Ligand SMILES: Nc1ncnc2c1ncn2[C@@H]1O[C@H](COP(=O)(O)OP(=O)(O)O)[C@@H](O)[C@H]1O
Ligand SMILES: [Mg+2]
C-alpha cells in the first residue's frame, strides 16, 4: 500500500551565486512518520529546510504538497499550507508567558480585546496533548523556563494550529540527556498524531531511537532515503561521512 | 447500573488527569500566595513595590521635615498639578522604553508643541481646540519622523533623538524669539491645570472608578476560577481593589476640602488635569494590556527577531511607539503651559526629560525593553514631583536638587539592572 507523502520534493536545485548548495535533491516526508534528515556540517540540511519553508525558494525542481504541485515562495505560503519550522534558535519572547508566546502574532480576539481565557485553554489542551507535565503553570514567563521547557514551548507553537508538517532543526543540540529524551518523546508523539515530522539531528543514536526513515545529504546531494529499520548505525555514519555505505548510497 | 460516563466527559476527565498545570489549579490560600509573591520578588519581578515603598518613605520624610506645609491642603493640590506634565511625558516614554528604544527629545518636543499652540492662540487668534489639535499633531509628526529614522534607516534612537533634542530647541527658539515667552490666556487651556472640577463630580468619578475597578477584577477572577484557569487568590484581588479604592477616595477627600487662603472664598475639588491623566492611564493600560497591538509592543521589546518571525510588522510597531511618545509629549507640553500660563523658549528643556525617564523607571519600566506598564508613569511621576516639591519647601540649593535627583535616577536604574540580572539567573 502506498501512502501519498505529505511533502514530496523532486530534483531540487539551489545555488548561492556560483556555489551549488543543493543538486538534484529529492526528499519526501510521510504523515505519521518521523523522517530524520542527516548530513555533515555544510551538507545543505538547513538550506533544504529553508527551501521547504519558503525562506529561500528553490531554483529548480518540483514541490508537491499532499500530492498537489504548489508554489512556496515565502514563509507565509508554507504557513498557509500547514508547514511549520522550529528553528534552532528558538526565538521566544522571554518577557512574555507561555500562553502569550504560543499565540504571538495570531492572538485570539473577542472584538477589540484579547481573549486570554480562550488562549489559555487552547494552550493547555495543546500542551497536554504533548503530554507535557513539567511546566507547572501555563502562565509562567519564558525567562523562568529551562532549555528543554523552552524547546517544548517552541514545538507547541508549531503544532498549535492544525499543521500537517513540522520541521525541527536540531531540537536536542543544546540539551542534556534527560531533556533530550523528553523532547524526543514529544517528537514521537507528534508523528503518532498523524503529522509528518522532519527531524534534523547530528546524534545517530537519537535518529535510530525515534525515526522511521532516514534521508542523508552529502555535499548537497541526497545519497540515500531509506527506512531506518533497513540500515545499521555504521552504514548511516558512512553515508554522512563518505556519501556511501554498504549497498546503499551514492551510485558512482 | 454500569457507570455510563458520556464519551465527552470521559475525555475531559482523561485530560484533567493528563494535564499537570498544578500551580494553576491549586487552591491558593493566603500563605501560599504570599510565598509565591515572595518568590517572584526574589526572582526580580518587583512590580510596583519599589515605587510604593519610595512614595511612602518620601511622604514620611518630608512630613517630618516640614510638618506644617508638606501635607497642607494647598500643597497637596499643588503637588497633584506639579506631577501632571511629568506623568504624561513619562507615560509616552513608557511606550518607547517598552520596545527597548529611548526618546531624548520628548521634553523639547513637548516644548515645541506647546509653543505652536501658544503662537496660534496669540498671533493666529485661533480657538482653543484648533490650537490643541495643532500641538498634538506637531508632536505626532515629530514622532513619525523619529520613528522612521530609527526603524527604517536603523539609526540608533539615542543618536536620532539627541539630534532632535538640539534641533527642536532651535525651532522653538526661532518660533518664540530669543529669551521670550508667549502668554497663554485662553480660558479652556488655562483651566486644565489650574481649575478644579465641581466637588460632586469629583466624588462621583472617584466612586465610579473604585466600583468599576473592583468589579473588573472580581469578574475576571470569577471567570478564571470557573474555567479553572490561572488566577490570583481572591484575598489578593480584594486587597488590591481595597488599596486602589482607598487611594482614590482619600485623595478625593483631601482635594475636596476647602483650601482657600482666605475664609471669604472657597477653593476645592480635583484639578481637571488629574482627570486627564486618569483617562490617559485607563486608555494606555487598556491598549498595552488588552489588545494585540499592545502585546506586539511587548514582543518587539522582548525579542524583535521572534516578533518578526511571528509575522509582526516590527518597523510599524517601532514607528507607532515614537508617535505615541511624542504625541503624549505634546499633551504634556499643553498641560505645562496651562499650569504656567505661558510658554518660554526653554519649555521642556533642562532636566524635564530626565525627570520623565526617571519617573518611568522608578515606576518599574525597564530600560532594557519589554517590561513596564502605564501606571509606572503615575507612580514614578508622583515620586519625582514629591522630591521636587519637598526640596522646594526645604529651600534646598539648586546644586543639591540636581545632585539628589541624579542619585534617585541612578538608584532606579541600578534596581532595574539588578532585577534584570536576577531574572536571567532565574531561568536555567
Ligand atoms: N545564504 C547563503 N549564501 C551563500 N552560501 C550559503 C548560504 N547558506 C548556506 N550556504 C552554503 O551552503 C552550504 C550548505 O549550508 P547549510 O545548508 O547551512 O548546511 P547544513 O545545515 O547541512 O550544515 C554551505 O557550504 C554554506 O556555506
Ligand atoms: Mg544547519
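Coordinate-derived values only; no laboratory data. What you see is a predicted model; the values in this text were computed from it and never measured. All Cβ positions, glycine included, derive from the backbone under ideal geometry; neighbour counts span all protein chains shown.
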On the formula 1/(1 + (r/R0)^6), with r taken between the Cβ atoms of residue A:59 and residue A:88 and R0 of 35 Å, the FRET efficiency rounded to 0.05 is 0.90
Rounded Å value of the spacing that divides the Cα centres of the range A:18-40 and the range B:192-249: 58 Å
Partner shielding of A:117-123, taken as the mean number of other chain Cβ atoms within 10 Å, equals 3
Sorted by Cβ density within 10 Å, fewest first, the residues B:36, A:97, A:59, B:187: B:187, A:59, B:36, A:97
Tilt of helix B:398-426 relative to the longest C-alpha principal axis of chain B, in degrees (0 to 90, nearest 10)? 20 degrees
What percent do you get for the relative contact order of chain A when only Cα pairs under 8 Å and 6+ apart count? 27 percent
Restricting everything to alpha-carbon atoms, can you work out Rg to Rh for the protein assembly as shown with a Kirkwood hydrodynamic radius? 1.07
Pairing the Cα long axis of helix B:292-302 with the longest principal axis of chain B, what angle in degrees results, from 0 to 90 and rounded to the nearest 10? 90 degrees
Considering only C-alpha atoms, what is the centroid distance from the range B:316-395 to the range A:153-182, in Å? 44 Å
Using only the Cα atoms of chain A, what semi-axes does the equivalent ellipsoid have when each is the square root of 5 times a gyration tensor eigenvalue? Give whole Å, largest first. 32, 21, 16
So what's the back-of-envelope 222 nm ellipticity for chain A, counting only DSSP H runs of four-plus at -39500 (n - 2.57) apiece and dividing by all residues, rounded to 500? -9500 deg cm²/dmol
Hey, can you rank A:34-45, B:115-126, B:205-216 by average C-beta count inside 10 Å, highest first? A:34-45, B:115-126, B:205-216
Computed over the Cα atoms, what is the radius of gyration of chain B divided by 2.2 N^0.38 Å, N being its residue count? 1.08
Output field shielding_mean for A:87-97 (other chain Cβ, 10 Å radius) holds 6
What's the average, rounded to a whole number, of partner chain beta-carbon atoms within 10 Å of each residue's beta-carbon in B:281-293? 2
To the nearest 10 degrees, the tilt of helix A:233-242 (Cα long axis) against the first principal axis of the alpha carbons of chain A is 70 degrees
Count the DSSP beta bridges whose two residues both fall in the protein assembly as shown, then state the antiparallel fraction as a percent rounded to the nearest 5. 65 percent
If I take R0 = 51 Å and measure r between the Cβ atoms of residue A:209 and residue B:243 in this structure, what FRET efficiency does the formula 1/(1 + (r/R0)^6) give, to the nearest 0.05? 0.40
R0 = 35 Å: FRET efficiency of residue A:202 with residue B:368, Cβ-based, nearest 0.05? 0.55
Under a 10 Å cutoff between Cα atoms, tell me which one of B:363, B:47, B:311 has the largest fluctuation in the Gaussian network model of chain B. B:311
Going by average Cβ neighbours within 10 Å, how do the peptides B:151-162, A:182-193 rank, with the highest at the top? A:182-193, B:151-162
Distance (nanometres) between label positions extended 7 Å along Cα→Cβ at residue B:411 and residue B:341: 3.6 nm
What's the ranking of B:334-341, B:322-329 by average number of surrounding C-beta atoms within 10 Å, highest first? B:322-329, B:334-341
For the range A:45-157, build the convex hull from the C-alpha positions and give me its volume per residue in Å³. 137 Å³
Cα extents of the range A:92-161 along the principal axes, largest first, in whole Å, come to 35, 25, 19
Can you give the calculated 222 nm mean residue ellipticity of chain B, where each DSSP H run of n ≥ 4 adds -39,500 (n - 2.57) and the sum is split over every residue, rounded to the nearest 500 deg cm²/dmol? -25000 deg cm²/dmol
